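Take this structure, written in structure tokens, and hold onto it; I'll ask about it next.
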Amino acid sequence: MKSLFSRTRVHAPGSRVRDRAVPQAHWRSAVLGLLVGSIATLVVQAPAGWLAYAVEVATDGRIRLPDASGTVWSGSSRWMLTGGTGSKDGLALPGRVEWSVHPTWSGFGLRLFSQCCTAQPLQLQLDAGWRTASVRVVDASIPTTDAATSRWPAQLLSGLGAPWNTLQPEGTIELATQALTITFAGGRMALTGQAVFTARDMSSRLSTIRPMGTYRVQLLGGAPVSLNVTTVQGALQFSGQGQWVGSRLRFTGEASAEPPFEDALSNLLNIIGRRSGPRSIITIG
């Protein structure tokens, strides 16, 4: 027999509010998940063009990465040196430069490879701290040696504008580094280790002597950073010493021609420095 009294469900105070809150909580979680996923995807798939733009801004347009493809983390592009923002000078490496970036405990590792210039990939360790940053060069094949070598066409320097676009250098620049670390802190640059540039079989459009010679430029870390230039061999003799004071280079050097080549090198000596008899005096800073 049915009860004469109908049963009525009594809701506890606030239960309907909780019922409505459940789908709202799910909706918020879904939106948050979608947002986090989108950001993660954007970071992982960040286009290589973003890196190209960052490099151009950081170097005031002196290094450009045209035709960049891939992502910030793994990609390739051409590599061009220019005279800076607004400059009409520019010269690119033959072929493309490939890179890969991976996070480390203190920053990022950057691996570079160019078929024309790096027999072994170059590896840079980029570390960042509070108002400080450092770049360390290591050998990707033997990381414990902190040494790396590469070979670059000297013609690339013409892209930097004056005075290189006038000299139009030709030859090969071999770069060898040993425990090289560059540190930026408080607007100042410090360097430890060393870098040796060997400009081999150099020529210029301003002289008929080909090649003019081979030269060694040694960059030594310390306080201050020092720069030494010597002639390995050649018709054009060149030497000099310099130091980085703050962010400025102060350099004094001289160039002269071996006796049989004085006439052939006279025009070049007039341009690269101030003539003092048979010598050309070069002063920077």
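Counting Lys and Arg as +1 and Asp and Glu as -1, what is the net charge of the other residues whose Cβ lies under 14 Å from the Cβ of residue 214? Walk me through the intermediate numbers first.
On the way: positive: 151, 200, 210, 216; negative: 170, 174, 201, 258.
Result for the local shell: 0.
Next question. What's the extension gain from residue 245 to residue 283 if we count 0.36 nm per residue and subtract their Cα-Cα distance? Present the calculation step by step, with values, prior to reporting the outcome.
Values: separation 38, 0.36 × 38 = 13.68 nm, distance 1.47 nm.
Here the answer is 12.2 nm.
With every protein chain present, what accessible area does residue 250 have (1.4 Å probe, heavy atoms only), rounded to the nearest 10 Å²?
That residue has around 140 Å² of solvent-accessible surface.
At 1.4 Å probe size, put 80, 212, 189 in order of accessible surface, largest to smallest.
189, 80, 212
Choose one of 100, 163, 132: the residue whose Cα lies farthest towards the positive end of the charge dipole of the range 63-168 (beta-carbon charges +1 Lys, Arg; -1 Asp, Glu; about the Cα centre).
163
Test of understanding: what is the full-extension gain from residue 267 to residue 226, defined as 0.36 nm times their sequence separation minus their Cα-Cα distance? Intermediate values should be presented prior to the final figure.
Working: separation 41, 0.36 × 41 = 14.76 nm, distance 2.96 nm.
Extra length from residue 267 to residue 226 when fully extended: 11.8 nm.
Quick one: accessible surface of residue 201, probe radius 1.4 Å, all protein chains present, in square angstrom to the nearest 10.
Solvent-accessible area, nearest 10 Å²: 80 Å².
7 Å from Cα along Cα→Cβ at both residue 87 and residue 179: what's the point-to-point distance in nm?
Rounded to a tenth, the inter-label distance reads 3.3 nm.
If you put +1 on each Lys and Arg Cβ and -1 on each Asp and Glu Cβ, how big is the dipole of the range 83-230 around its Cα centre, in Debye rounded to 20? Intermediate results must be reported in sequence, preceding the final value.
On the way: 11 positive and 8 negative charges, 46 e Å.
In total the dipole reaches around 220 debye.
Which value, in Å² and to the nearest 10, is the accessible area of residue 108 when all protein chains are kept and the probe is 1.4 Å?
Its heavy atoms expose roughly 90 Å² to the probe.
By how many nm would the segment from residue 50 to residue 233 lengthen if fully extended, with 0.36 nm per residue of separation less the alpha-carbon distance?
On the way: separation 183, 0.36 × 183 = 65.88 nm, distance 4.44 nm.
The residue 50-residue 233 span can extend by a further 61.4 nm.
The values are calculated or read from the model by the stated rules, or taken from the named source; none is laboratory data. All of these numbers come straight from a predicted model, not from anything done at the bench. FYI the Cβ positions are ideal-geometry reconstructions off the backbone, even for glycines, and counts take in every protein chain you see. When the accessible area is computed, the model is the full protein with side chains, heavy atoms only, and any ligands, DNA or RNA have been set aside. Shrake-Rupley method; radii C 1.70, N 1.55, O 1.52, S 1.80 Å.
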